[in-house]
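Written below as structure tokens is the structure these notes are about.
Laboratory data are not the source of any read-out in this text; all were calculated from the coordinates shown. Here the structure is a predicted model, which is why all the values come from computation and not from measurement. Here Cβ is always computed from backbone atoms with ideal geometry, including for glycine, and neighbour counts include all displayed protein chains.
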Amino acid sequence: MEPTKAQAQSELNMGVPYDVIELPSQGRFYHSKKSNIKVTYLTASDENVLMSQNLVQSGDMVDVLLRRKILEPDVNIDELLECDKEAVLIFLRNTAYGPTYKITLIDPEDKKSFEHTVDLSSVSTKDFALTPDKNGEFDFSLPVSKKTIKFKFLTGLEEKELEAVTKEYDGLQVAPVVTKRLEKHITEIDGEKDKGVIAQRIQSMPIRDSQELRKYIATHKPGLDLDLTVNAPSGNQVSTRLSFGVAFFRPFFGI
């Protein structure tokens with residue numbers, strides 16, 4: 001059973017040991033404006049979550065873990081930006097197993113797999129200079145249509161919903177991933193806030209407008225620097241990105 005907000009407050013009041021984690025988003029997008037949150041440590045009981053095949057298959061393992069470990073009754077896990085969730089996950093992994101994390105990559109020359117060790121303690125936070133309005137939104141002028149839009153960054157829940165869109169189509173049809181992502185980002189177009197109207201306008205948006213907006217969002221969104229460039233045994237460089245799958249919390253299970 002996942003802990004309730006009352007349980008989180010109870011644990012905090014009972015003196016459960018915790019640390020304070022700085023959020024990459026600086027809390028600018030949350031009603032509480034908290035720039036840091038209290039997080040407790042992984043325990044033996046959390047291994048039940050880490051080893052639960054049902055949670056792994058449903059994709060809920062990470063969120064269940066976060067709900068158990070974040071000691072903030074007023075923090076809604078579904079509303080957290082992905083980068084803030086990632087910061088907590090790295091803290092949990094570092095304090096439980098240490099900062100050494102081995103990943104498996106493919107050498108592009110001979111297609112053989114090789115291991116690379118990542119030092120999680122060296123992961124840095126990206127510079128974030130944008131200031132949102134009171135609703136946590138930003139203005140952007142589309143270069144071709146000259147329309148003014150407002151957009152927001154996506155929460156972890158919204159990212160999961162986009163993943164579900166891809167799985168729903170399962171390669172049988174062209175999944176509308178780009179337009180669905182824009183629908184979640186864009187909150188207003190030239191003063192129009194109706195989601196149905198916005199969705200229609202996105203469908204006919206000039207491709208350069210779409211690309212420039214998505215590039216702007218990717219460049220300026222808060223986050224951790226998770227991009228890696230690794231030298232393969234052949235001497236070729238391999239570019240990858242640190243991910244937070246099941247293996248991230250199972251370093252000793254051979255999985």
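Where Rh denotes the Kirkwood radius from the mean inverse Cα pair distance, what is Rg over Rh for the range 47-108?
With Rh from the inverse mean 1/r over Cα pairs, Rg/Rh is 1.02.
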Which part of the range 71-109 falls in the paramagnetic zone of Asn236, meaning amide N under 12 Å from the point 7 Å along Cα-to-beta-carbon?
-> 106-109
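Evaluate E = 1/(1 + (r/R0)^6) for Thr179 and Asn76, where r is the Cβ-Cβ distance and R0 equals 22 Å; express this FRET efficiency to the nearest 0.05. Kindly include the intermediate steps, with their values, before the conclusion.
On the way: r = 27 Å, r/R0 = 1.22.
The computed FRET efficiency comes out at 0.25.
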Return one quarter of the surface area of the convex hull spanned by the alpha-carbon atoms of the range 115-225, equal to its mean projected area, in nm².
-> 9.7 nm²
Find how much the distance from Arg28 to Lys112 grows on full extension, using 0.36 nm per residue of separation minus their present alpha carbon separation; answer in nm with one decimal.
-> 25.8 nm
Projected onto the charge dipole of the chain (+1 at Lys/Arg Cβ, -1 at Asp/Glu Cβ, origin at the Cα centre), which of Gly27, Leu92, Ala44 gives the Cα projection farthest towards the positive end?
-> Gly27
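Say the cut-off is 30 Å between C-alpha atoms; which of Lys85/Lys167; Lys85/Lys111; Lys146/Lys180; Lys193/Lys215 go over it?
Correct reply: Lys85/Lys111.
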So which of Lys69/Lys102; Lys38/Lys195; Lys102/Lys126; Lys34/Lys147 end up more than 31 Å apart, counting from Cα to Cα?
-> Lys38/Lys195; Lys34/Lys147
Only Lys, Arg, Asp and Glu count, each charged at its Cβ (+1, +1, -1, -1), so figure out the dipole size of the chain about its Cα centre, rounded to 20 debye.
-> 380 debye
Would you work out which of Thr219, Met205, Phe248 lies farthest towards the positive end of the dipole of the range 201-255, given +1 charges on the beta-carbon of Lys and Arg and -1 on that of Asp and Glu, about the Cα centre?
-> Met205
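May I ask you to compute the full-extension gain from Ser124 to Met51, defined as 0.36 nm times their residue separation minus their alpha-carbon distance, rounded to one decimal in nm? Could the numbers behind the result be given before it?
Working: separation 73, 0.36 × 73 = 26.28 nm, distance 2.90 nm.
The Ser124-Met51 span can extend by a further 23.4 nm.
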Karplus couplings for the range 63-79 from phi (6.51 cos²θ - 1.76 cosθ + 1.60, θ = phi - 60°), rounded to Hz, Gly and Pro as x?
-> 5, 5, 4, 5, 5, 6, 9, 7, 9, 9, x, 9, 9, 9, 4, 5, 8
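Tell me, which longest segment in the chain has none of the trypsin sites (Lys or Arg not before Pro) that fall in DSSP loops with at most 12 further Cβ atoms within 10 Å? The partial results should precede the final answer.
Working: sites that count: Lys33, Lys111, Lys112, Lys134, Lys146, Lys193.
That would be 34-110.
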The chain, relative contact order [Cα under 8 Å, separation at least 6], % = 20 percent
Answer label for log10 I(q)/I(0) by the Debye sum over Cα atoms at q = 0.12 Å⁻¹ (calculated), chosen among (i) -0.70; (ii) -0.87; (iii) -0.63 | (ii)
For the range 98-222, what is the charge dipole size about the Cα centre, in debye to the nearest 20, if Lys and Arg each add +1 at the Cβ and Asp and Glu each add -1 at the Cβ?
-> 280 debye
Report the net charge of residues surrounding Leu42, where surrounding means a beta-carbon distance below 10 angstrom and charges are Lys +1, Arg +1, Asp -1, Glu -1.
-> +1
Among residues other than Asn236 whose Cβ falls under 12 Å from its Cβ, what is the net charge (Lys/Arg +1, Asp/Glu -1)?
-> -1
